[in-house]
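Peer 1: Encoded as structure tokens, here's the structure I'll be asking about.
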Amino acid sequence: MKLVQTLRTLHGNKVGGAIEELHRSENDLAGALLDLSDQQKVDHEIFHVARDIAAWSQEHVRRLAEVGRDYDLDLDPEPEDEAALLARVKQKGAELTGRFHEPTLLLLADLRHLHRMAAGVSLDWEVLAQTAQAMKDTELLTVAQDCHPQTLRQMRWANAKVKETAAQIMVTG
Amino acid sequence: MTQQIDRIAEPWGTRTPYGPGEAWPARVDTHLAEGVAADDVDRWVQSASILHSNGDAMDIAVKDGRIVGVRGRAVDRVNHGRLGPKDLYGWQANGSTDRLTRPLIRRDGRLVETDWDTAMDAVAGRTKELLEERGPSAIGFYTTGQLFLEEYYTLGLIAHGGIGTNHVDGNTRLCTATAAAALKESFASDGQPGSYTDIDHADVICLYGHNMAETQTVLWTRILDRLAGPNPPAIVCVDPRETPVADHATVHLAPRPGTNVMLMNAILRELLEHDRVDHQYIEAHAVGFAELEKMLEDYTVERAAEVCGVPAADLREAARLIGSAERLMSTVLQGFYQSHQATAAAVQVNNVHIVRGMLGKPGCGILQMNGQPTAQNTRECGADGDLPAFRNWSNDAHIEDLARVWNIDSMQIPHYTAPTHLMQMMRYVEDGSIRFLHVSGTNPAVSLPELRRIRSILSQDRLFLVVQDLFLTETAQLADVVLPAATWGEKTGTFTNADRTVHLSEKAVDPPGEARPDLDILVDYAHRLGLTDKDGAPLVKWTSPEEAFEAWKECSRGRPCDYTGITYDKLRGGSGIQWPCNDEHPDGTERLYVDGQFWSDPDYCESYGRDLVTGAPVEPTEYKALNPHGRAVIKAAEYLPPHEQPSEDHPFQLITGRTLYHFHTRTKTGRAPQLQAAAPEVWVEASAADAEEEGWEEGDLLDITTPRGAVTARLRISGVRPGVLFLPFHYGYWDTGAGHEPDGQGRAANELTLTDWDPASKQPIFKTAAAAATRIAASGGRSASAPTTTGSRPVSASVPPTRGDETALVSEQSSTAGGTR
């Protein structure tokens, strides 16, 4: 335990920075998923699944804030939430444009964006997990081991949705 | 001994008790038209039930070229002579005067009669136009779970192999998609592990969201006969209603809708906690146990009791029964399949059997049930979002092999993603990228969720809608072309029930007017499209059902559902036969996975599985990394709260469901007088506690609303869980003045349901919506017209009992000797 504390003091700044960065990017990812959900209300599976898995990122934000305290960070455990009003406006817009095929091109672009974001978050987790192992910080390692698989699932989902819809969107426009 | 029984009042008939390991005694049920005696019948023609998934074998009585009744086949392994009410009375619908007898085509906004040539030219012509203008992805096919194997195989070939569209699905998506998905997740391939004969041996039978007493009445009769005999099995029932199954249960768990995964995880955790685990079996035959152990850590009985709203002691007792069973049998149906986290919940039932090592032995069956008579064939033949003979769309070698069977280029078969599921197809119709939809034997304008949306999608001008059916259904009323089809008893073909039993159904009489068998229509369509194989020969090389069956056999060769050992002749005269049936198993196969060997080898399996939360397909490399060669896959799942929760405005949870006397949208059962009279009108169920709180009484007229729509129904105060409303989904509009949509008051339950589906099985969710209810009129002394014999049984004794008239009398002939096994 002592060793861990020493290492935390020695390398705390860099690790703290990484945690802080991940805390921010998980918040962004949750936001992107909720945004996608609102944009694609007429695509019901995307609407619901994006919300379900945004909750994973929100939970990751909480876990990171908690473990961040070990590194003297004061991160907000409450995930950021989009203004509900804005969300409703977007949902209504999605309902109105749902009868036209072109907006589905936007879906592909959104999924591509989401995949890249999740890939970034995934790499950040990779870095944090490696660091935690080197520093023998089991708490941090547990957080990374619990959270990272869900990031990978978010990524695979974005990839799978692109695979599922690309042909219909591109060819039968 | 022969007796006459009113089978409306007594749906399961007379008991013939038997003990564990004994043969189920035969009892032959016969119902004939008024004034016809068995001796008057000209011919008895072999068939099986088309009004549910049980596969009850029967002979159709023919007199003067007309169907005059039915009689159960004592020789058959499935029913040992028994028939349920839907079959005993439902045959009368064939002779309805409002059958479609000529094709219809839309002219100046109205459907008018036309000839076959004009109708088929319009259908094929529009297909060809769209193929040229927009390509194959503008064409979609939505079929059913009620055609025959030969027809599905032909449809799959035309759509996937000929037209080259990925958009093919069946209404099995609404009823049995989760059964298939759960089997694919756990065993890497579809295929029912168990057999109905497991009922003869089991000491504990669990029914998960499966009101078997109403959906498969004859199978339930088998359980009732075990319960009436020596050493009866214990029954565990999971259902938010007090169904007839719950009445006979040792433990009845009535969870809050949408919490099945929580419930199953808590039961599994108890099993692990008390080490009711077959470690040897898991070691030798499964992967994924460590992940399950880790997942279950947080799923305590106490937490589940809170989330599910079920007493902790009952959960423990259920787990104790399951954990101490020596021969454990489980069945699963819509309470899991049509609810939140459908596949994840159904998979946990498989997990119970895997961790207990209860597979492949007498009494140790899993039945991931089907709802429809031929749903298994929709799945097998590639007409429902799967490829024929359980081929894996993400395995290129399987596509090559299918192309070989069909003699086409493998690039012709779309396999860049899973075949499009129905709800996604409806989305593509909505956004205008699908412009031709062929609907056969199903009625989406009543059976799909959120009907206002569905009606608006199906009535778009830019959509060319073809409906192939027996009657002018709600959906047919919206069509551009309506093709009159022949049905059961009017055409020949085979179909397979929920325990893999294949039956032959022979033509007994001619179809009415110009109506044609679906197979003939499909073959005609293929020829008009000029579909050919790579040598320029016709793509569809058959015209008769038996030729189609022989072609299918070749397609199934070496696959899990191997039919190569079955012929029409072999199916004639005796009992149905369970697949796989081939050189190795010439008499069929009673139970799968007897040796603990599963079809999970990556090169052989039907599916690599999906993420149970996101639905993302597992990539081949990920699957191989699991190292599942020949082993079952234990797949753990986290609980997620339902997507629509009760609120101040919508305080109730709404579930929809079925009643014993009707099938689907009553297209047939609503035209059988005894069945229609037993359940003539929609009703809504609420608990006595809620009724008291709201000041409602039996028979009051309620308005049920959700953000999607409204339904008006009379109240039945029943044994449903407090806080939950139940609506039967059978009642549409074809027999109302409005025709295909509500005229003022809605009565189709799907006016209310939400558009949401399980991401893994893509099965729509009909059992978690938040709803409001208000009284709009007092009963005035009338009670709801819901059956009193079933799950809708009233809590008050003052409601008149459900009875049949003299035409409902059925002859039951019991023998002391058992039938075949």
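The values are calculated or read from the model by the stated rules, or taken from the named source; none is laboratory data. What you see is a predicted model, and the numbers here were worked out from it, not measured in a lab. Reconstructed Cβ throughout: ideal geometry from the backbone, glycine too, with neighbour counts over all protein chains shown.
Peer 1: Taking into account only those residues within the range B:423-447 that are away from chain A (no Cβ under 12 Å) and in a loop (DSSP other than H, G, I, E, B), which is surrounded by the most Cβ atoms within 10 Å (Cβ to Cβ)?
Peer 2: Filtering the range B:423-447 down to residues away from chain A (no Cβ under 12 Å) leaves B:437-447.
Keeping just the survivors that are in a loop (DSSP other than H, G, I, E, B) gives B:441-443.
On the way: B:Gly441: 25, B:Thr442: 30, B:Asn443: 24.
If we take residues in the range B:423-447 being away from chain A (no Cβ under 12 Å) and in a loop (DSSP other than H, G, I, E, B), then B:Thr442 is surrounded by the most Cβ atoms within 10 Å (Cβ to Cβ).
Peer 1: In this structure, is B:Glu283 of a type in the set (Asp, Glu) and within 22 Å of B:Lys361 (Cβ to Cβ)?
Peer 2: Details: of a type in the set (Asp, Glu): yes; within 22 Å of B:Lys361 (Cβ to Cβ): yes.
Answer is yes for this residue.
Peer 1: With (1) surrounded by 24 or more Cβ atoms within 10 Å (Cβ to Cβ); (2) out of contact with any Cys (no Cβ under 7 Å at 6 or more places or on another chain); (3) outside any loop (DSSP other than H, G, I, E, B); (4) not assigned by TED's automatic domain parsing to the domain that holds B:Glu606 as the list, and B:Ala389 as the residue in question, which single condition is left unmet?
Peer 2: (2)
Peer 1: Please go through the range A:34-66 and pick out each residue that is at the interface with chain B (Cβ under 9 Å from one of its Cβ atoms), over 15 Å from B:Leu754 (Cβ atoms) and more than 12 Å from the chain's Cα centre (by Cα).
Peer 2: Within the range A:34-66, no residue meets the criteria.
Peer 1: Please give the number of the condition B:Thr706 fails out of (1) without any contact (Cβ under 8 Å) to a residue 60 or more places away in the chain; (2) surrounded by fewer than 24 Cβ atoms within 10 Å (Cβ to Cβ).
Peer 2: (1)
Peer 1: A follow-up question, please. Please list, ordered by first then second residue, the pairs with beta carbon atoms under 7 Å, 6 or more apart or interchain, first in the range B:398-411 and on the phi < 0 side of the Ramachandran plot, second among the basic types (Lys, Arg) and part of a loop (DSSP other than H, G, I, E, B).
Peer 2: B:Ile408/B:Lys534; B:Asp409/B:Lys534
Peer 1: In the range B:27-81, which strands (runs of 3 or more DSSP E) lie fully inside it and hold 2 or more residues that are buried (at least 22 other Cβ atoms within 10 Å of the Cβ), of a type in the set (Asp, Glu) and in contact (Cβ under 8 Å) with a residue 24 or more places away in the chain? Talk me through it step by step, then tell me what you get.
Peer 2: Values: elements: B:43-48, B:57-63, B:66-72.
In the range B:27-81, no matching strands (runs of 3 or more DSSP E) lie anywhere.
Peer 1: Can you tell me which residue within the range B:744-768, out of those that are facing another protein chain (nearest Cβ under 9 Å) and within 18 Å of B:Val347 (Cα to Cα), is surrounded by the most Cβ atoms within 10 Å (Cβ to Cβ)?
Peer 2: Start the filter on the range B:744-768 by keeping residues that are facing another protein chain (nearest Cβ under 9 Å), which leaves B:754-757, B:759, B:762.
Restricting the remaining residues to those that are within 18 Å of B:Val347 (Cα to Cα) gives B:757, B:759, B:762.
Working: B:Trp757: 27, B:Pro759: 25, B:Lys762: 24.
In this case the residue turns out to be B:Trp757.
Peer 1: Next up: Out of the range A:133-173, which residues are more than 9 Å from every other protein chain (Cβ to nearest Cβ) and charged (D, E, K, R)?
Peer 2: A:Lys136, A:Asp137, A:Glu139, A:Asp146
Peer 1: Next question. For the range B:769-790, which residues satisfy the criterion of being over 30 Å from B:Thr217 (Cα atoms) and either out of contact with any Ser or Thr (no Cβ under 7 Å at 6 or more places or on another chain) or surrounded by fewer than 22 Cβ atoms within 10 Å (Cβ to Cβ) (or both)?
Peer 2: B:Ala770, B:Ala772, B:Ala773, B:Thr774, B:Arg775, B:Ile776, B:Ala777, B:Ala778, B:Ser779, B:Gly780, B:Gly781, listed by residue number.
Peer 1: I'd like to know if the range B:377-391 contains one or more residues that are modelled with pLDDT of 95 or more, of a type in the set (S, T, N, Q) and within 27 Å of B:Thr331 (Cβ to Cβ).
Peer 2: Yes, because at least one residue in the range B:377-391 is modelled with pLDDT of 95 or more, of a type in the set (S, T, N, Q) and within 27 Å of B:Thr331 (Cβ to Cβ).
Peer 1: For the range B:155-173, give me each residue that is within 14 Å of the chain's Cα centre (by Cα) and within 17 Å of B:Val123 (Cβ to Cβ).
Peer 2: The answer is none; no residue qualifies.
Peer 1: Need a quick list: strands (runs of 3 or more DSSP E) entirely within the range B:704-821 having at least 3 residues that are touching a Leu at 6+ places or on another chain (Cβ under 7 Å). Explain how you work it out, then say what you get.
Peer 2: Numbers: elements: B:709-718, B:724-728, B:769-777, B:809-818.
So the answer is B:709-718, B:769-777.
Peer 1: Condition first: more than 7 Å from every other protein chain (Cβ to nearest Cβ), under 29 Å from the mean Cα position of the chain (by Cα) and either surrounded by fewer than 22 Cβ atoms within 10 Å (Cβ to Cβ) or not in a helix (DSSP H, G or I) (or both). Now tell me which residues in the range B:406-422 satisfy that.
Peer 2: Residues satisfying the conditions are B:Ile413, B:Pro414, B:His415, B:Ala418, B:Pro419, B:Thr420, B:His421.
Peer 1: Also: So, of the residues in the range B:184-214 that are among the hydroxyl-bearing types (Ser, Thr, Tyr) and in contact with a helix residue (DSSP H, G or I) (Cβ under 8 Å, 6 or more places away or on another chain), which turns out to be nearest to B:Thr343 (Cα to Cα)? Give the steps one after another, and end with the answer.
Peer 2: So the first thing to find is which residues in the range B:184-214 are among the hydroxyl-bearing types (Ser, Thr, Tyr), and the list is B:186, B:189, B:195-197, B:208.
Applying the additional criterion that residues be in contact with a helix residue (DSSP H, G or I) (Cβ under 8 Å, 6 or more places away or on another chain) yields B:186, B:189, B:196, B:208.
Values: B:Ser186: 10, B:Ser189: 14, B:Tyr196: 22, B:Tyr208: 13 Å.
So, considering only residues that are among the hydroxyl-bearing types (Ser, Thr, Tyr) and in contact with a helix residue (DSSP H, G or I) (Cβ under 8 Å, 6 or more places away or on another chain), the one nearest to B:Thr343 (Cα to Cα) is B:Ser186.
Peer 1: Taking helices (runs of 4 or more DSSP H) that fall entirely within the range B:202-311, which contain at least 1 residues that are in contact with a Gly (Cβ under 8 Å, 6 or more places away or on another chain) and not assigned by TED's automatic domain parsing to the domain that holds B:Phe726? Explain how you work it out, then say what you get.
Peer 2: Values: elements: B:212-215, B:217-227, B:244-247, B:260-273, B:279-285, B:289-296, B:301-308.
Counting at least 1 such residues, we get B:212-215, B:217-227, B:244-247, B:260-273, B:279-285.
Peer 1: Among the residues that make up the range A:111-121, is at least one of them away from every other protein chain (no Cβ under 14 Å), more than 26 Å from B:Met426 (Cα to Cα), within 12 Å of the chain's Cα centre (by Cα) and among the basic types (Lys, Arg)?
Peer 2: yes
Peer 1: Condition first: touching a helix residue (DSSP H, G or I) at 6+ places or on another chain (Cβ under 6 Å), under 18 Å from B:Ala213 (Cα atoms), modelled with pLDDT of 95 or more and of a type in the set (Gly, Ala, Ser). Now tell me which residues in the range B:319-372 satisfy that.
Peer 2: If the condition is that a residue be touching a helix residue (DSSP H, G or I) at 6+ places or on another chain (Cβ under 6 Å), under 18 Å from B:Ala213 (Cα atoms), modelled with pLDDT of 95 or more and of a type in the set (Gly, Ala, Ser), then B:Ser330 is the only one that fits.
Peer 1: Another one. Step by step: first the residues of the range B:619-639, then only those that are surrounded by 20 or more Cβ atoms within 10 Å (Cβ to Cβ) and in a loop (DSSP other than H, G, I, E, B), then the one that is farthest from the other protein chains (Cβ to nearest Cβ). Which residue is that?
Peer 2: Step one: of the range B:619-639, the residues surrounded by 20 or more Cβ atoms within 10 Å (Cβ to Cβ) are B:623, B:628, B:631-637, B:639.
After this cut, where a residue has to be in a loop (DSSP other than H, G, I, E, B) as well, the list is B:628, B:631, B:634-637, B:639.
On the way: B:Pro628: 18, B:Arg631: 22, B:Ile634: 17, B:Lys635: 13, B:Ala636: 12, B:Ala637: 12, B:Tyr639: 11 Å.
Ranking the candidates gives B:Arg631 first.
Peer 1: In the set B:Tyr142, B:Tyr89, B:Tyr152, which member is more than 19 Å from B:Pro388 (Cα to Cα) and either assigned by TED's automatic domain parsing to the domain that holds B:Asp401 or surrounded by 22 or more Cβ atoms within 10 Å (Cβ to Cβ) (or both)? Walk me through it before giving the result.
Peer 2: On the way: B:Tyr142 fails: more than 19 Å from B:Pro388 (Cα to Cα); B:Tyr152 fails: more than 19 Å from B:Pro388 (Cα to Cα).
One residue alone meets the criteria, B:Tyr89.
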